[in-house]
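Contents: one structure, followed by commentary.
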Amino acid sequence: MSTFEIYHSRQNRHHYVAVEAGDLRDNANGVRESQNLKFLTNVADDGEPRIAFDPNQARSRIARDGFYAFNVTIEIREHPE
């Protein structure tokens, strides 16, 4: 089972980028070395979608582009009492 490295934008709180752990291609290294991104977490590629992250989509985009960029927007909802 592979692992994705997830990076978070320093300028846009909704923007994230994923690369495969161990991928040494230029685009993956560019993500890791970017001054605009900071490492957030690792996500195991178990094939199961998670909130805001689909490993199947990530694999497809990484194969094509060397990275997977995606947005996450979280909105707190209050329920009236």
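The values are calculated or read from the model by the stated rules, or taken from the named source; none is laboratory data. The structure presented is a predicted model; accordingly, all values stated were derived computationally and were not measured. Cβ sites come from the backbone with ideal geometry, for glycine too, and all protein chains shown count toward neighbours. Ligands, DNA and RNA are excluded from the accessible area calculation, which covers all protein heavy atoms including side chains. Shrake-Rupley method; radii C 1.70, N 1.55, O 1.52, S 1.80 Å.
Using the Karplus curve 6.51 cos²θ - 1.76 cosθ + 1.60 with θ = phi - 60°, work out ³J(HN,Hα) for each residue of segment 12-24 in order, rounded to whole Hz, and write x for Gly and Pro.
These are the phi-based 3J(HN,Hα) values: 10, 5, 9, 9, 9, 9, 10, 9, 7, 4, x, 6, 9 Hz.
Excluding ligands, DNA and RNA, what is the solvent-accessible area per residue of the chain at a probe of 1.4 Å, expressed in Å²?
On the way: 5770 Å² over 81 residues.
Per-residue value: 71 Å².
Taking R0 as 35 Å, what's the FRET efficiency between Gln35 and Arg77 from their Cβ-Cβ distance, rounded to 0.05?
On the way: r = 35 Å, r/R0 = 0.99.
My answer for the efficiency is 0.50.
Check which residues have an amide H placed less than 5 Å from His15's amide H, if you skip close sequence neighbours.
Placed amide hydrogens put Ser9, Val72 under 5 Å from His15.
Per 0.36 nm of contour for each residue apart, how much would the distance between Arg50 and His14 grow if the chain were fully extended, relative to their Cα-Cα spacing? Could you put the intermediate results ahead of the total?
Details: separation 36, 0.36 × 36 = 12.96 nm, distance 1.62 nm.
So the extension gain works out to 11.3 nm.
Sort Phe39, Phe67, Phe4 by accessible area with a 1.4 Å probe, largest first.
Phe39, Phe67, Phe4
Near the amide H of Leu37, under 5 Å away, which other amide H atoms are found, from residues 5 or more places off or on another chain, if H is placed in the peptide plane?
Here the answer is Arg10, since their amide H atoms fall under 5 Å of that of Leu37.
If I model a spin label at Asn27 and Ala69 as a point 7 Å from the Cα along the Cα→Cβ vector, what separation in nanometres do I get?
Calculated label separation equals 1.1 nm.
With θ set to phi - 60°, apply the Karplus curve 6.51 cos²θ - 1.76 cosθ + 1.60 along segment 33-50 and write out the HN-Hα couplings as whole Hz, x wherever there is a Gly or Pro.
Coupling constants for segment 33-50: 8, 5, 6, 8, 10, 10, 5, 10, 6, 9, 10, 5, 8, 9, x, 9, x, 10 Hz.
Using protein chains only and a probe of 1.4 angstrom, how many square angstrom of Asp65 are accessible, to the nearest 10?
Roll a 1.4 Å probe over it and Asp65 shows about 50 Å².
Tell me the trypsin sites (Lys or Arg not before Pro) within segment 42-81 that lie in a loop according to DSSP and have at most 10 other beta-carbon atoms within 10 Å. Write down the numbers at each step before the final one.
Values: sites: Arg50, Arg59, Arg61, Arg64, Arg77; in loops: Arg77.
Answer by residue number: Arg77.
Mind ranking Val19, Val72 by accessible surface for me, highest first, 1.4 Å probe?
Solvent-accessible surface, decreasing: Val72, Val19.
Could you please state, rounded to a whole Å, how far the C-alpha centre of segment 1-51 is from the C-alpha centre of segment 60-75?
9
Show the residues, 5+ positions off or on another chain, whose built amide H is closer than 5 Å to the amide H of Ala69.
Ala18
Sort Leu40, Leu24 by accessible area with a 1.4 Å probe, largest first. Before the final figure, lay out each step's value.
Details: Leu40 95, Leu24 135 Å².
From most exposed to least exposed: Leu24, Leu40.
Using θ = phi - 60° and the Karplus relation 6.51 cos²θ - 1.76 cosθ + 1.60, list the HN-Hα couplings for segment 53-70 in order, rounded to whole Hz, with x at every Gly or Pro.
Each residue's phi maps through the Karplus curve to give 9, 10, x, 5, 5, 4, 4, 4, 5, 5, 4, 7, 10, x, 7, 10, 9, 8 Hz.
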